[in-house]
Amino acid sequence: MVRRHELTDAQWRKIEPLLPGNGRPGGQWADHRKIVNGVLFRARTGVPWPDLPERYRPWQTVYERHRRWSADGTWRTILEELQIEADADDPDEAHAREISRQEWAVNIDSTSCRAHQHAAGAPRKAPADYPQKGAGLVRADGREALGHSRGGLTSKVHLLSDDRARPLHWLTSPGQRGDSTMFASVLDGLRIRRRGAGRPRSRPNRVRGDKAYSSRDNRAYLQRRGIKATIAQPEDQRAHRKKRGRRGGRPPAFDTAQYRHRNAVERCVNKWKQFRAVATRYDKRDYIFNGTLTVTAIVIWLRDTVQEPSETP
């Protein structure tokens with residue numbers, strides 16, 4: 001019987017071929033399905049690793065598998081394969097027709113994740129088996145993507161979502177980092193691979209964002225790349241432009257009908273924060289926290305793309 005928070009049989013069949021296989025004798029993996037369900041239970045409930053239920057024990061195996069797959073990119077590979085398959089089946093064309101526009105649009109926003117006290121205190125020195133441990137270099141502007149904001153110790157996730165409220169790409173930063181300064185970095189990292197030959201899709205037709213992303217630099221960046229901008233303009237920028245008269249130039253184009261679809265990224269955040277280990281960060285290392293974000297994003301994609309027997313018409 002499938003328990004709450006665990007993968008269904010149909011979802012497991014989808015990702016099972018993407019998981020690492022057993023190598024030479026002497027180093028056999030424990031049951032992948034039990035381990036993955038243990039990682040999902042912890043992500044959903046936010047319990048400390050030693051408090052995992054008995055059915056997922058030993059907890060050290062579950063944690064070590066999650067840490068290892070976060071470091072070597074296994075979680076990321078699974079997510080990319082799900083995105084490739086979904087893109088091959090329906091690269092947002094059907095949904096685009098529903099809103100009467102034949103274009104690939106992405107939505108950008110950020111969300112703050114309050115860091116638990118257990119997330120602080122990671123050693124500055126890299127682990128002994130670096131780089132296998134996956135620890136990156138210490139950054140002067142925010143070690144392990146932790147910073148102090150009004151909410152205390154926080155991390156911020158800057159993300160792109162499609163119109164089906166599925167996460168496409170994200171970056172983590174200290175909680176005090178502004179949204180606008182991360183705009184170009186997040187878009188530069190967008191890579192949706194294709195099945196077979198061909199370069200990844202990296203340039204959407206349109207980007208939607210709220211007032212936090214309205215700046216000359218961001219609009220110029222989109223113009224250089226030939227991307228349409230649907231970004232709301234704050235009142236102070238409007239007033240400043242009017243105050244300058246002719247020198248203020250024309251107001252930037254703004255499609256109100258398109259902007260209504262920006263809520264997809266907010267719905268994506270709502271799906272993500274159903275997992276308590278995302279809403280509150282418990283991981284000391286940034287790469288493990290990104291692994292938690294990735295495994296929960298996998299669940300979001302599975303729920304959207306896998307049709308369960310009860311849903312079959």
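Of note, Ile231 does not satisfy the criterion of being open to solvent by less than 30 Å² (accessible area, probe 1.4 Å), over 30 Å from His148 (Cβ atoms) and β-branched (Val, Ile, Thr). Among the residues that make up the range 260-270, is at least one of them touching a residue at least 60 places away in the same chain (Cβ under 8 Å), closer than 19 Å to Arg76 by Cα and either open to solvent by 80 Å² or more (accessible area, probe 1.4 Å) or assigned to a helix (DSSP H, G or I) (or both)? There is at least one residue in the range 260-270 that is touching a residue at least 60 places away in the same chain (Cβ under 8 Å), closer than 19 Å to Arg76 by Cα and either open to solvent by 80 Å² or more (accessible area, probe 1.4 Å) or assigned to a helix (DSSP H, G or I) (or both).
Within the range 16-37, the set of residues being in contact with a helix residue (DSSP H, G or I) (Cβ under 8 Å, 6 or more places away or on another chain), surrounded by fewer than 18 Cβ atoms within 10 Å (Cβ to Cβ) and not in a loop (DSSP other than H, G, I, E, B) comprises Glu16, Leu18, His32, Arg33, Lys34.
If you go through the range 153-181 and pick out every residue that is out of contact with any Gly (no Cβ under 7 Å at 6 or more places or on another chain), open to solvent by less than 20 Å² (accessible area, probe 1.4 Å), not in a loop (DSSP other than H, G, I, E, B) and not polar (S, T, N, Q), you end up with 7.
Condition first: within 25 Å of Pro167 (Cα to Cα), in a helix (DSSP H, G or I) and open to solvent by 80 Å² or more (accessible area, probe 1.4 Å). Can you find one or more residues in the range 196-208 that meet it? Looking for residues that are within 25 Å of Pro167 (Cα to Cα), in a helix (DSSP H, G or I) and open to solvent by 80 Å² or more (accessible area, probe 1.4 Å), one finds none in the range 196-208, hence no.
Please state which one of Leu40, Leu79 is modelled with pLDDT of 95 or more, open to solvent by less than 20 Å² (accessible area, probe 1.4 Å), touching an Asp or Glu at 6+ places or on another chain (Cβ under 7 Å) and within 25 Å of Leu159 (Cβ to Cβ). Leu40 is the lone residue from the list that is modelled with pLDDT of 95 or more, open to solvent by less than 20 Å² (accessible area, probe 1.4 Å), touching an Asp or Glu at 6+ places or on another chain (Cβ under 7 Å) and within 25 Å of Leu159 (Cβ to Cβ).
Scanning the range 157-192 for residues that are closer than 20 Å to Tyr221 by Cα, charged (D, E, K, R) and touching a Lys or Arg at 6+ places or on another chain (Cβ under 9 Å) returns Arg177, Asp179, Arg191. Looking across the range 1-15, the residues that are among the charged types (D, E, K, R) and either in a loop (DSSP other than H, G, I, E, B) or at pLDDT below 90 (or both) come down to Arg3, Arg4, Glu6. Among the residues of the range 280-313, those identified as open to solvent by 30 Å² or more (accessible area, probe 1.4 Å), more than 12 Å from the chain's Cα centre (by Cα) and not acidic (Asp, Glu) are Thr280, Tyr282, Lys284, Arg285, Tyr287, Arg303, Thr305, Gln307, Pro309, Ser310, Thr312, Pro313. For Pro53, the criteria (1) open to solvent by 40 Å² or more (accessible area, probe 1.4 Å); (2) closer than 22 Å to Ala279 by Cα; (3) without any contact (Cβ under 8 Å) to a residue 40 or more places away in the chain hold in every case but one, which is (1).
Residue-wise test of (1) over 25 Å from Asp210 (Cβ atoms); (2) modelled with pLDDT under 90; (3) touching a Lys or Arg at 6+ places or on another chain (Cβ under 9 Å).
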| residue | (1), (2), (3) |
| --- | --- |
| Gly121 | yes, yes, yes |
| Ala126 | yes, yes, yes |
| Gly134 | yes, yes, yes |
| Gly142 | no, yes, yes |
| Ala145 | no, yes, yes |
| Ser155 | no, no, yes |
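The values are calculated or read from the model by the stated rules, or taken from the named source; none is laboratory data. What you see is a predicted model; the values in this text were computed from it and never measured. In this analysis, Cβ positions are derived from the backbone assuming ideal geometry, glycine residues included, and neighbour counts consider all displayed protein chains. All accessible areas refer to the heavy atoms of the entire protein, side chains included, with ligands and DNA or RNA removed. Shrake-Rupley method; radii C 1.70, N 1.55, O 1.52, S 1.80 Å.
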